[in-house]
1. Against the longest alpha carbon principal axis of the chain, how many degrees, from 0 to 90 and to the nearest 10, is the axis of helix 2-22 turned?
2. Short version: ³J(HN,Hα) in whole Hz for each residue of segment 165-180, in order, from phi by Karplus 6.51 cos²θ - 1.76 cosθ + 1.60 (θ = phi - 60°), x for Gly and Pro, what are they?
3. For segment 261-332 and segment 33-78, what is the separation of their Cα centres, given in Å?
4. At q = 0.14, 0.15, 0.17, 0.22 Å⁻¹, what is the base-10 log of I(q)/I(0) for segment 51-170 according to the Debye formula with one equal point scatterer per Cα and no solvent? Please give it to two decimals.
5. Which far-off residues, 5 or more places away or on another chain, put their amide H under 5 Å from the one on Phe377, with H placed in the peptide plane?
6. Could you check what % of the DSSP bridge pairs in the chain are antiparallel, to the nearest 5?
7. Taking N as the number of residues in the chain, what value does Rg over Cα atoms divided by 2.2 N^0.38 Å take?
8. Between the helical axis of 34-47 and the dominant principal axis of the chain, each derived from Cα atoms, what acute angle in degrees is found, rounded to the nearest 10?
Amino acid sequence: MLKIATTLLRSRIVLSTIVSLFTCFTAATQADNRSDAEALFSFAEQQHTTYFSPPGQTTQELEGYLVRYYSGTNTYLATRGQEVYVHGSQFGVGIIRVGVIADFINTSGAAVRDITDAILLERAASCAEYAGNYSSAVTDVKRSLNFAGTLEIAVANGLCTFTSNNIPNHDFGNGGSFATPVAAVAHSYSMTAMPTLASASTALTLEWDNAVMLNGVKVDVWAAACYGVGDGKIGCSNPNQPWRYDPMSPRNNFGTDDHNAHTQPTGAYHYHGNPKALFNANGGATSPVVGFAADGFPILGTYFDASGVIRKATSSYRLKAGSRPTGAGNPGGTYDGTYRDDYEYVAGLGDLDRCNGMTVNGQYGYYITDNFPYMMFCFSGTPHTSFNKLAAGARP
C-alpha cells in the first residue's frame with residue numbers, strides 16, 4: 001500500500017508540475033490538432049533523444065495543451081494548436097516557444113522527398129520545375145546535435161515561394177567558428193517564375209537577402225563589417241560606407257565553415273559563396289541549378305558548356321593595382337582582397353557580366369565562381385520584395 005501511495009503521490013506531483021507550467025496560457029481545443037501533435041512527439045523522440053527520452057510517453061491534455069513529460073531528461077514538450085513549446089534546463093529558463101509544428105514535420109499530407117546529402121543534377125531554369133516538399137536529417141558537427149531540415153516550394157500566380165526552416169541538407173559547422181549557434185529559423189521567399197532582365201541592375205545591400213538555394217538555405221553576400229566602424233565585424237549598416245570586408249577572403253576571420261557559410265545573430269545559417277555540397281565540381285559535366293536569386297534567375301554551379309568544351313565560368317573582376325589610399329577613414333596597404341573595394345570590374349575580362357551572370361543557350365543565370373564575387377554582385381532582374389529584410393513578414 002505504501003508503494004502504491006508513493007506512486008500516486010509522485011504522479012500527482014508530476015501532473016501538478018505540468019499544470020503549473022502551462023496554466024498561464026489560455027485553454028484551446030486540441031481535437032483538430034492531436035494527430036499533428038502526436039506526429040511531432042514521435043519525431044522529436046526519434047530525432048532528439050538527447051532532449052526527449054524515454055520515448056513513447058503518454059500524452060496529457062492539460063489546460064488546453066497536449067503535453068508529454070520525459071522523465072529521463074526532465075523535459076516537457078507541448079503543443080497548443082499548431083504552436084510548439086518546450087521546458088527544461090537544457091533549453092533555458094521558463095517555457096519557450098520554438099515554432100509551429102510545420103517547422104519540424106510535414107503536415108500537408110503531400111509526399112516528401114529526402115534530400116539529405118543529395119547532389120543536384122537538374123538544369124531546369126524555372127523555379128516552378130522544383131515544386132514539392134523536401135526534408136533532410138543533418139548534424140551540427142561541432143555540437144554533435146541533430147537537425148531536421150524542411151523545405152516547401154509552392155507555385156501560384158506566377159510566383160515560386162520557398163518556405164523552409166533554413167537548415168541545410170548537409171552536415172555543417174566543420175572548420176567554422178560561429179558567433180551564434182545554428183538554429184532553425186523559419187522564412188519564406190517568393191520570386192517570379194518567369195524572370196526578365198531589367199534595364200539596369202540593382203545593387204546588393206544589407207537590406208536584402210540575395211537568393212535561396214534548393215536546400216532552403218538563404219544567400220546573404222554582404223557582411224555588416226567595414227574598416228573603421230565598431231570592431232570591424234558588425235555595425236556597418238551604411239551601404240555607401242567604403243572598405244567593406246569580404247567574408248570570403250582568407251585574410252579575414254569570419255568563421256565560415258567548409259561550405260562558406262556561418263550564422264547571423266538569429267542563428268540563421270547562410271552562404272557567402274560556393275556551398276560545395278550541392279553539386280559535383282569535378283568538371284565532367286555542366287553544373288546544375290543550385291538555387292534561385294531574388295529576381296527569379298537561376299544560380300548554377302561552376303561548369304558550363306563553352307562551344308563543346310566543359311570548363312569553369314570565370315569572373316570579370318580583378319584586384320586593383322597599387323595601394324589603397326591612406327589617411328582618415330582609409331586602411332592603406334596593398335589591394336589584396338581584404339575588402340570588396342579591392343576589386344574592379346573589367347568588361348570582357350572573363351565570361352561573366354557585372355552581376356556574375358551570363359546567357360547560355362538563350363538562358364540567363366548567375367554562376368558560382370572560384371574568385372570574387374563568388375556568386376552574385378548585383379541583381380540583373382527585379383528582386384521580389386519578400387527578400388527585403390525590412391519588409392513585413394520577410395524575416396521572423
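1. Approximately 40 degrees, to the nearest ten.
2. After applying 6.51 cos²θ - 1.76 cosθ + 1.60, I find 9, 6, 8, x, 9, 9, 4, 9, x, 4, x, x, 9, 7, 5, 10 Hz.
3. Segment 261-332 and segment 33-78 have Cα centres separated by 43 Å.
4. So the normalised log intensities work out to -0.76, -0.84, -1.00, -1.33.
5. Asn356
6. Of the beta bridges lying entirely in the chain, close to 90 percent run antiparallel.
7. Working it through for the chain, the quotient is 1.13.
8. The angle comes out near 70 degrees.
Where a number appears in this text, it was derived from the coordinates with a stated rule and is not lab data. Keep in mind it's a predicted model, so treat the numbers as computed, not measured. Note that each Cβ is placed from the backbone with ideal geometry, even for glycine, and that neighbours are counted across all protein chains shown.
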